Each structure stands twice: as C-alpha cells, then as structure tokens.
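**Student:** Provided herewith is a single structure, encoded as structure tokens, for subsequent inquiry.
The values are calculated or read from the model by the stated rules, or taken from the named source; none is laboratory data. Fair warning: this is a prediction, and the values are worked out from it, not measured in the lab. As a convention, Cβ positions derive from the backbone with ideal geometry for all residues, glycine included, and neighbour counts pool all protein chains shown.
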Amino acid sequence: MVAVVGATTVLAGQPWLFPSLGPTAYLIAVYPELPTSRLYNCFVGHLVGLGSGFAAVAIFNAWNAPIVPLEDVTWPRMGAAAVAIGLTVFTNHLLRSGHPPAAATTLLVALGTFHTAWGAALVVIGVAILLVIGELLKLVMRVRRGSAKTPAP
C-alpha cells in the first residue's frame with residue numbers, strides 16, 4: 001500500500017507520502033477487522049487530526065514558530081502539540097472515528113511540517129490513495145476467503 005502511495009508521489013512529483021500513513025497502512029494490512037481500520041475511522045480520523053492541528057496552531061499563534069524537527073521546540077509549538085493531541089482524541093471519540101495514526105497527523109501540523117491549506121490537501125490526497133488501495137486489498141481478501149470456503153466440484 002505504501003509503495004503505491006510512494007509511486008504516485010514520485011510520478012506526480014507531489015509529497016503525498018508522510019509518516020502517519022505508515023501506521024495506517026499497518027492497521028489496514030494486519031488488523032483489517034478492527035474498527036480503527038475501517039474506511040470511516042481512517043479518513044475521518046486523519047481529517048480530525050488535520051483540523052485539530054490547525055486549530056491548536058491558531059490558538060497558540062504558532063504559524064511562524066520554527067518547524068520542530070528542523071529547530072528547537074518553542075513554547076507555542078509545544079502548546080499547540082499538546083492541545084492538538086487532546087482535540088484529536090476528544091473529537092475522534094465524539095465522532096466514533098478513533099484512529100491512532102491521526103495523532104501523528106495532528107503533530108505534523110502542530111509542529112509545523114504541514115502549515116498551509118495545500119499541506120492539508122496533500123495529507124488528504126495521500127490518505128485517500130492509501131485507503132483506496134486498502135479497500136481494494138480488503139475486497140480481494142474477502143473474495144479469497146469466500147472461495148477458500150467453497151468446496152471444489
């Protein structure tokens with residue numbers, strides 16, 4: 001799944017591959033039956049993570065604070081990160097869209113990696129590509145399980 005997202009990233013020249021897709025792909029591949037692996041949870045979870053990250057950056061006015069992986073952590077980024085995680089967990093709980101990798105997405109925003117509407121769009125596109133591939137794989141697995149249960153003529 002990640003290879004497909006990576007290949008489309010290279011072919012399109014767009015950064016659609018980012019760290020929180022890894023845990024999402026893992027959940028879909030290894031635990032497809034879990035609620036956190038459902039299409040709804042994955043998509044809404046990441047959207048909530050994005051929204052929470054941007055809300056927290058706005059609350060702490062951290063728009064121009066240094067990007068954390070590149071420079072030291074500042075108080076605005078630290079506050080934004082803490083609030084973003086809290087908002088993500090709380091909102092996903094309310095929406096019944098729990099998806100732990102969304103916490104990584106919200107940190108990517110709160111810590112400055114994605115800081116524009118275009119950055120948010122890149123995340124949505126990357127998640128969408130991964131989920132399309134994941135749903136196709138789930139379908140293939142269901143069909144294979146069904147044919148394995150059917151006795152041979």
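**Student:** Could you list, ordered by first residue, the pairs with Cβ atoms under 9 Å in which the first is in the range 91-107 and under 22 Å from residue 68 (Cβ atoms) and the second is of a type in the set (Phe, Trp, Tyr) and surrounded by fewer than 19 Cβ atoms within 10 Å (Cβ to Cβ), at least 6 apart or interchain?
**Tutor:** Matching pairs, first to second residue: 101/26.
**Student:** Something else about it: Among the listed residues 56, 65, 80, which satisfies the condition of being in contact with a helix residue (DSSP H, G or I) (Cβ under 8 Å, 6 or more places away or on another chain) and more than 20 Å from residue 122 (Cβ to Cβ)? Before the answer, list the steps.
**Tutor:** Numbers: 56 fails: more than 20 Å from residue 122 (Cβ to Cβ); 80 fails: more than 20 Å from residue 122 (Cβ to Cβ).
Just one listed residue meets the conditions, 65.
**Student:** Now for a separate question. Looking only at residues that are among the hydrophobic types (A, V, I, L, M, F, W, C) and free of Cβ contacts under 8 Å to residues at least 24 places away in the same chain in the range 39-69, which one is surrounded by the fewest Cβ atoms within 10 Å (Cβ to Cβ)? Spell out how you get there, then give the answer.
**Tutor:** Filtering the range 39-69 down to residues among the hydrophobic types (A, V, I, L, M, F, W, C) leaves 39, 42-44, 47-48, 50, 54-60, 62-63, 65, 67-68.
Now narrow it down to the ones that are free of Cβ contacts under 8 Å to residues at least 24 places away in the same chain: 58, 60.
Working: 58: 11, 60: 21.
Ranking the candidates gives 58 first.
**Student:** Follow-up question, since we're still on this one. I'd like to verify a number: residues in the range 94-116 that are part of a helix (DSSP H, G or I), small (Gly, Ala, Ser) and touching a Phe, Trp or Tyr at 6+ places or on another chain (Cβ under 9 Å), how many? Don't jump to the end; show me each part of the working.
**Tutor:** Pass one, the range 94-116, residues part of a helix (DSSP H, G or I): 94-95, 102-110.
Next cut, small (Gly, Ala, Ser) only: 102-104, 110.
When the remaining residues are screened for being touching a Phe, Trp or Tyr at 6+ places or on another chain (Cβ under 9 Å), the result is 104, 110.
Count: 2.
**Student:** Looking only at the range 10-33, count how many residues are buried (at least 19 other Cβ atoms within 10 Å of the Cβ) and either of a type in the set (S, T, N, Q) or more than 19 Å from residue 114 (Cα to Cα) (or both). Walk me through how you get there before you give the answer.
**Tutor:** From the range 10-33, those buried (at least 19 other Cβ atoms within 10 Å of the Cβ) are 16-18, 20-21, 24-25, 27-28; that's our starting set.
Pick out the ones that are also either of a type in the set (S, T, N, Q) or more than 19 Å from residue 114 (Cα to Cα) (or both) and you get 20, 24-25, 27-28.
Qualifying residue count, the range 10-33: 5.
**Student:** Would you pick out the residues in the range 68-88 that are in contact with a Ser or Thr (Cβ under 9 Å, 6 or more places away or on another chain) and either closer than 11 Å to residue 110 by Cα or at pLDDT 95 or above (or both)?
**Tutor:** 68, 81, 83, 84, 85, 86, 87, 88
**Student:** Tally the residues that are among the hydroxyl-bearing types (Ser, Thr, Tyr) and under 21 Å from residue 28 (Cα atoms), restricting the search to the range 88-144. Reasoning before the result, please.
**Tutor:** Going residue by residue through the range 88-144, those that are among the hydroxyl-bearing types (Ser, Thr, Tyr) are 88, 91, 97, 105-106, 113, 116.
Retained after the next criterion (residues that are under 21 Å from residue 28 (Cα atoms)): 88, 97, 105-106.
Within the range 88-144, residues that are among the hydroxyl-bearing types (Ser, Thr, Tyr) and under 21 Å from residue 28 (Cα atoms) number 4.
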